[in-house]
Amino acid sequence: MMKVIHIHFAPADIDEVYFPQHEVLGDIGATLLALKDALSDLNPSDNGYFHRIHKEINEHVFQDQGHDCFPNTPQRIVSDIKKAVDNSSIVSLDNGMYKIWFARNYKATHSHSLLLDNALATMGAGLPVAIGAKLVHPDRQVIAVCGDGGFMMNSQELETAVRLEMDLVVIILRDNGYGMIKWKQRGMDFPVFGLDFGNPDFIQYAESYGVKGYRITENGTFTGQLNHCLNTPGVHLIEVPVDYSENEKVFLKELQNKTCLL
């Protein structure tokens, strides 16, 4: 049975979805060199196990992306966006639960086409980064994907996009709360506290800046609306309700079970 060995200068308890069987703490380079010398009889061409792992990962990542429910699951939203954009399109992510789903499910095929700040967790960055990307690459499609919480931290930059006469699409994934912090609190068996909030009418809010606003109210309409916005000049905002109920199941329970099986 294959095992995961954690080789690092920090202990392995850094992530709730990472479960190594053994740990080697110390200098990474020196450890790898020592392992290479100790494993001189290893057959590097025996990749059958890793092909099986690759197959399992792909099956796990792309399951449920065709869910026909409303509000849509994040898997479905990521899949719909990927189908609508060109390979060279730029997707700028704010910070929230959807960032993990995009990092997991969105297969980028062009350099600098998925912009995210990973663990820096800079809420409010999605729209300004998208504006910067459009300034640098005016001929490429640019989409900002934001949660409702992150969007409201820098929503005034809609004025900048309109003033600069940009062609830009802003997608707001609305769950009326700070979804990632909820997920983390639940994962640590803490009560959810202080993370739910109300929102403005995003359509009227967008229109107050001269932005065309749209709200998704039923399943199956998001892709068509996104295609319309991508092919129509100007700044567009689409409000999309999202159902994050699968976070714990997919990112904690299923992943831990698969790690144990493999």
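The table below gives the values:
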item	result
Candidates Asp80, Asp94 - the one that is under 30 Å from Lys134 (Cα atoms), among the acidic types (Asp, Glu), in contact with a Gly (Cβ under 7 Å, 6 or more places away or on another chain) and surrounded by 16 or more Cβ atoms within 10 Å (Cβ to Cβ)	Asp94
Close pairs from region 16-32: first of a type in the set (Phe, Trp, Tyr), partner surrounded by 12 or more Cβ atoms within 10 Å (Cβ to Cβ) and at pLDDT below 90, Cβ under 9 Å, at least 6 apart	Tyr18/Val4; Tyr18/Ala12; Tyr18/Thr259; Phe19/Val4; Phe19/Ala12; Phe19/Leu255; Phe19/Gln256; Phe19/Thr259
Some residue of region 17-34 being modelled with pLDDT under 75, out of contact with any Asp or Glu (no Cβ under 7 Å at 6 or more places or on another chain), part of a loop (DSSP other than H, G, I, E, B) and under 25 Å from Phe102 (Cα atoms)	yes
Output for region 5-16, where each listed residue is assigned to a loop (DSSP other than H, G, I, E, B), at pLDDT 85 or above and surrounded by 12 or more Cβ atoms within 10 Å (Cβ to Cβ)	none
Search result, residues across region 52-74 that are free of Cβ contacts under 8 Å to residues at least 24 places away in the same chain and either in contact with a Ser or Thr (Cβ under 8 Å, 6 or more places away or on another chain) or of a type outside the set (A, V, I, L, M, F, W, C) (or both)	His54, Lys55, Asn58, Glu59, Gln63, Gly66, His67
Residue within region 75-89 that is touching a residue at least 40 places away in the same chain (Cβ under 8 Å), under 16 Å from the mean Cα position of the chain (by Cα), closer than 21 Å to Gly177 by Cα and outside any loop (DSSP other than H, G, I, E, B) present	yes
Wholly within region 110-227, helices (runs of 4 or more DSSP H) carrying at least 2 residues that are surrounded by 13 or more Cβ atoms within 10 Å (Cβ to Cβ) and at pLDDT below 95	148-153, 179-187
Region 184-203 residues that are of a type in the set (A, V, I, L, M, F, W, C), paired with ones that are assigned to a helix (DSSP H, G or I) and surrounded by 14 or more Cβ atoms within 10 Å (Cβ to Cβ) (beta carbon under 7 Å, 6 or more apart)	Val192/Lys182; Val192/Gln185; Val192/Arg186; Leu195/Ile181; Leu195/Lys182
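The values are calculated or read from the model by the stated rules, or taken from the named source; none is laboratory data. Computed from a prediction, not measured in an experiment: that's the story for all the values here. Note: ideal-geometry Cβ built from the backbone for every residue, glycine included; neighbour counts use all protein chains shown.
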